[in-house]
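What follows is a single structure, written as structure tokens, with notes after it.
Coordinate-derived values only; no laboratory data. Note that the structure is predicted; figures quoted are calculated from it, not measured. Every residue, glycine as well, gets a Cβ built from its backbone with ideal geometry; the counts of neighbours run over all protein chains shown.
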Amino acid sequence: MSENTNAIDAVTAVRPSPGEKYFPKFEVTPELVEKAKELVALYPEGKEQSAILPIIHHIQEEFGYVCPDAMPWIAEMCKSTPVHVAGIVTFYPGIHRTCPGKYHIRICRTIACAMAGSEELLPYICSKIGVDPASMTDEEPMAVSPDGLWSIEAVECLANCGFGPNVMINDTLYSQVTRRKVDELIAEYKKK
Amino acid sequence: MSDITYKPGKEPHPRETRRIFRNIDREGYDPSIKCYIKDGGYKTLKKVLAMEPAAVIDEVKKSGLRGRGGAGFPTGVKWTFIPKGNTKPVYLVCNCDESEPGTFKDRFIVHQDPHQLIEGMIIACYAVQAHYAVIYMREEFPEGARIMQTALDEAKAKGYLGENIMKSGFDLKIVLHRGAGAYICGEETGLINSIEGARPYPRIKPPFFPAAIGLYGCPTIVNNVESLCQVRQVMMMGGEAYAAEGAQRSPGTRIIGVSGDVKRPGYYEIISGSITYGELLYDLCGGPRVGRKFKAIIPGGASAKVMRCDEVLKGRNPDGSVRNMTIFDVPLDLDSIAQHGSMSGSGGVIVMDDTRSMPKMLNNLNRFFAWESCGQCSPCREGNPWMLKLSTRICNGQGSPEDVDLLKDVADNICGRTVCAFGEACSWPTQAFTTKFRDEFLALTKPINALKPHSPEAAEARKFLTRED
């Protein structure tokens with residue numbers, strides 16, 4: 001679909017990421033179409049557009065991130081336009097436009113976790129996984145380690161404020177994380 | 001119930017009344033439907049399905065139940081806002097986008113007791129005659145989403161969802177919709193736009209509220225997770241019995257999440273108004289950490305105005321006379337703290353002790369709000385990064401005393417000038433912090449800084465304005 005030269009390309013220029021080797025490349029398979037249709041069917045008739053987010057979530061689970069090629073396809077499935085899908089993709093912080101590492105670390109930086117020490121924990125985790133904390137900016141909040149195994153992102157409130165600092169690795173939440181626990185977790189995930 | 005045992009180390013405090021959180025951290029309890037039914041689950045639903053929908057609404061109205069999402073709007077009254085003679089389908093949306101910093105209650109319901117929410121939702125849907133409901137869950141609960149989906153499938157298999165629920169002729173479909181990490185989706189109209197597959201920009205609320213024009217242009221009721229669980233509680237206890245307990249204007253139990261500098265942070269379910277902030281922090285939470293003193297409390301999630309612990313408040317005695325008190329004497333219900341200029345909101349209490357630098361705390365909150373502003377209204381989109389810039393500058397010791405006034409001025413010009421309540425939410429912390437802890441802000445500033453350029457770019461540009469001869 002690369003002949004589709006519209007504004008999307010400019011908005012969603014992909015930054016190459018070492019994490020890509022851990023995820024399959026986006027490709028429209030019959031299973032994927034089937035899944036998308038299933039998600040669209042959840043919503044009332046004529047409201048296919050509602051399925052954009054669920055389909056994006058599914059793509060993220062399968063392929064790690066939403067690449068520009070996926071957007072026109074999502075639009076097609078949801079009877080929307082590619083630029084509308086791009087608008088959604090660029091809005092939400094939870095949608096990746098760059099491939100994350102195999103293990104994606106999210107660390108909460110909001111007030112309660114910050115008071116519990118997450119701001120000191122962040123550089124420590126970065127040093128453990130070989131990432132420069134300075135490369136995490138507002139424009140590019142996620143940093144991927146050179147080996148592609150890890151990616152890290154400082155996020156806002158994970159809604160577990162009483163038990164900070166909170167860290168999420170892929171889908172699992174770890175609370176009251178200390179430096180020692182970081183060491184243990186990283187060793188544990190490396191073994192997987 | 002005394003036959004419930006809790007996991008070691010997770011036992012509720014004796015002053016707690018566990019209702020909604022009854023099964024949280026309970027020994028041998030899992031989120032499966034088997035466990036829930038064994039515990040008396042879905043019995044209330046059976047009772048409700050034999051009633052008239054209007055009678056259910058009346059019961060909830062009688063109970064005086066107020067929403068637990070933050071605004072505290074009476075749930076039963078909200079349900080009656082569906083226009084009379086409506087012919088469009090009615091939708092119910094469960095707001096599970098718990099993203100207010102300091103609030104962490106819905107997480108545990110979703111992860112440990114999902115069927116309680118489903119039962120509450122079915123009851124609410126029956127009351128407003130909605131046949132399609134959506135649970136909007138935040139993206140940060142991937143495990144919660146899986147647990148919830150399993151619970152929904154189980155409930156469907158058992159005939160509590162789907163067509164002709166328990167042979168009552170009532171149909172209901174519940175869909176789980178996951179967000180993608182945006183705070184603004186907790187705002188009900190933003191949430192509706194997000195479900196519709198649009199950018200979650202909030203809609204202008206008066207004249208049309210979601211109960212009149214909501215999801216897909218149809219009447220929509222948006223309720224918080226805890227509110228819906230409370231609905232089940234109301235129907236279980238009966239409206240009058242529910243209203244008889246707790247504070248007069250906000251009856252029932254409340255779940256309070258305490259975070260920050262206390263010995264035992266965590267969640268506590270208490271009868272509304274039965275204890276004060278002081279009792280909560282000193283008895284239930286064990287007081288400040290060793291050798292420290294409480295300094296400030298944010299009583300209702302990050303957007304509530306901060307309260308100084310040494311601030312003298314004017315309390316009113318029952319006989320009408322005025323007495324002096326502190327925040328520690330204020331009862332924990334929905335309204336009491338509002339009389340002293342803050343709000344009890346979603347029940348997230350953030351406690352700060354004397355080791356905390358207030359400008360730093362505010363800077364953290366400003367970063368949160370600058371990051372989460374959706375960008376629809378200019379005052380909020382531009383004002384938040386500006387406030388962040390100012391507070392960062394002050395924290396770095398590069399601010400001038402005027403910056404503190406400017407900071408408050410920016411905040412003053414955001415609130416009330418935006419489509420949604422985010423404008424208020426982001427400016428209240430700044431207004432409160434800069435007025436109540438002004439000294440601390442000023443101590444970090446230097447008058448000479450007013451004359452200095454603040455960035456390398458500005459310094460570069462300024463070079464050309466200086467005559468060198």
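With a sphere of radius 15 Å drawn around the Cβ of residue B:290, what net charge do the other residues whose Cβ falls strictly inside it have (Lys, Arg +1; Asp, Glu -1)? Walk me through the intermediate numbers first.
Details: positive: B:263, B:264, B:289, B:292, B:293; negative: B:261, B:353, B:354.
Charge balance near residue B:290 sits at +2.
Placing a pseudo-label 7 Å from each Cα along the Cα-to-Cβ vector at residue B:413 and residue A:140 gives an inter-label distance of 3.4 nm. For a label point 7 angstrom out from the Cα of residue B:55 toward its Cβ, which stretches of region B:125-160 have the backbone nitrogen within less than 16 Å? Counting only backbone N, you get B:126-129.
Counting other beta carbons within 10 Å of each Cβ, put B:282, A:103, B:160 in order, fewest first. Walk me through the intermediate numbers first.
Values: B:282 16, A:103 20, B:160 23.
Ascending number of Cβ neighbours within 10 Å: B:282, A:103, B:160.
Sorting B:36-48, A:84-96 by average packing, meaning the other beta carbons within 10 Å per residue, from highest down gives A:84-96, B:36-48.
Sequence-ordered 3J(HN,Hα) estimates for region A:24-37 from the Karplus curve with 6.51, -1.76 and 1.60 and θ = phi - 60° stand at x, 6, 4, 7, 7, 10, x, 5, 5, 4, 4, 4, 4, 5 Hz, glycine and proline given as x.
Applied to region B:135-151, the Karplus parametrisation 6.51 cos²θ - 1.76 cosθ + 1.60 on θ = phi - 60° returns per-residue 3J(HN,Hα) values of 9, 8, 9, 5, 5, 6, 10, x, 5, x, 5, 5, 4, 5, 5, 4, 4 Hz, with x for Gly and Pro.
Per-residue packing, averaged as other Cβ atoms within 10 Å, sorts the ranges B:99-107, B:359-367 into the order B:99-107, B:359-367, beginning with the highest. Between residue A:33 and residue B:451, the distance separating the two model label sites (each 7 Å from Cα on the Cα→Cβ line) works out to 7.3 nm.
Could you tell me which of rounded, prolate or oblate describes region B:347-397, using a ≥ b ≥ c as the square roots of the eigenvalues of the alpha-carbon gyration tensor, with rounded for a/c under 1.5 and, failing that, prolate when a/b is larger than b/c and oblate otherwise? Could you put the intermediate results ahead of the total?
Working: a/c = 4.01, a/b = 1.46, b/c = 2.75.
The shape class here is oblate.
Once you have the alpha carbon radius of gyration of region B:52-92, what is it after dividing by 2.2 N^0.38 Å, with N set to its residue count?
1.24
Reducing region A:49-77 and region A:125-164 to their Cα centroids gives an inter-centroid distance of 24 Å.
Spatially, region B:2-48 and region B:151-195 are offset by 23 Å when compared through their Cα centroids. Per the Debye formula with a single identical scatterer at each Cα and no solvent contribution, what log10 I(q)/I(0) holds for region B:301-422 at q = 0.12, 0.14, 0.17 Å⁻¹? Taking Cα atoms of region B:301-422 as identical point scatterers yields -0.56, -0.74, -1.00. A simple count of charges around residue A:30, restricted to other residues whose Cβ falls under 13 Å of its Cβ and scoring Lys, Arg +1 and Asp, Glu -1, yields -2. Note on chain A: dipole from Cβ charges, positive end direction compared against A:143, A:130, A:40; the farthest Cα belongs to A:130. Taking the helices alone, the protein assembly as shown has a mean residue ellipticity at 222 nm of -11000 deg cm²/dmol, built from -39,500 (n - 2.57) per DSSP H run of at least 4 residues and averaged over all its residues.
Sorting B:148, B:51 by the number of Cβ atoms found within 10 Å of their own Cβ, with the fewest placed first, yields B:51, B:148.
First check a/c for region B:23-112, with a ≥ b ≥ c the square roots of the eigenvalues of its C-alpha gyration tensor; if it is under 1.5, answer rounded, and if not, answer prolate when a/b is larger than b/c or oblate otherwise. Verdict is oblate for region B:23-112. With R₀ set to 41 Å, the beta-carbon distance separating residue A:124 from residue B:324 gives a calculated FRET efficiency near 0.30.
Find the percent of Cα-Cα distances in region A:70-192 that exceed 22 Å, and round it to a whole number.
On the way: 2961 of 7503 pairs.
Cα-Cα pairs in region A:70-192 separated by more than 22 Å: 39 percent.
Annotation: for a label point projected 7 angstrom from Cα along Cα→Cβ of residue B:11, residues of region B:268-293 with backbone N closer than 18 Å are B:268-269, B:283-286. Going from the residue with the fewest nearby Cβ atoms within 10 Å to the one with the most, B:354, A:138 rank A:138, B:354.
For chain B, what ratio Rg/Rh do Cα atoms give with a Kirkwood hydrodynamic radius? Could you put the intermediate results ahead of the total?
On the way: Rg = 23.9 Å, Rh = 23.7 Å.
With Rg and the Kirkwood Rh in hand, the quotient comes to 1.01.
Here the simple spin-label model places points 7 Å from the Cα toward Cβ, and for residue B:27 and residue A:90 these points are separated by 5.7 nm. Computed over the protein assembly as shown, the convex hull of the alpha-carbon atoms projects to a mean area of 33.2 nm².
Can you give the local net charge around residue A:190? Use residues other than it whose beta-carbon is closer than 14 angstrom to its beta-carbon, Lys and Arg +1, Asp and Glu -1.
Here the charged neighbours net out to 0.
Per residue of A:111-121, other chain Cβ atoms within 10 Å of the residue Cβ number 6 on average.
Largest mean-square fluctuation among A:20, A:34, A:76, in a Gaussian network model of chain A whose springs join Cα atoms under 10 Å apart, belongs to A:34.
Residues whose amide H falls under 5 Å from that of residue B:222, counting only those 5 or more places apart or on a different chain, are B:93, with hydrogens built in the peptide plane. Computed extension gain for residue B:81 through residue B:435, at 0.36 nm per residue and net of the alpha carbon distance, reaches 123.6 nm. Using 19 Å as the cut-off for backbone N distance, which residues of region B:69-94 belong to the label zone defined by a point 7 Å from the Cα of residue B:171 along Cα→Cβ? Backbone N within reach: B:87-93.
Panel note: the C-alpha atoms of region B:192-291, placed on their principal axes, show extents of 55, 37, 22 Å (largest first). Applying the Karplus relation 6.51 cos²θ - 1.76 cosθ + 1.60 with θ = phi - 60° to region A:130-137 yields 3J(HN,Hα) values of x, 10, 8, x, 5, 7, 8, 10 Hz, where x marks Gly and Pro.
Dipole magnitude for the protein assembly as shown: about 1180 debye, using +1 per Lys or Arg Cβ and -1 per Asp or Glu Cβ, origin at the Cα centre.
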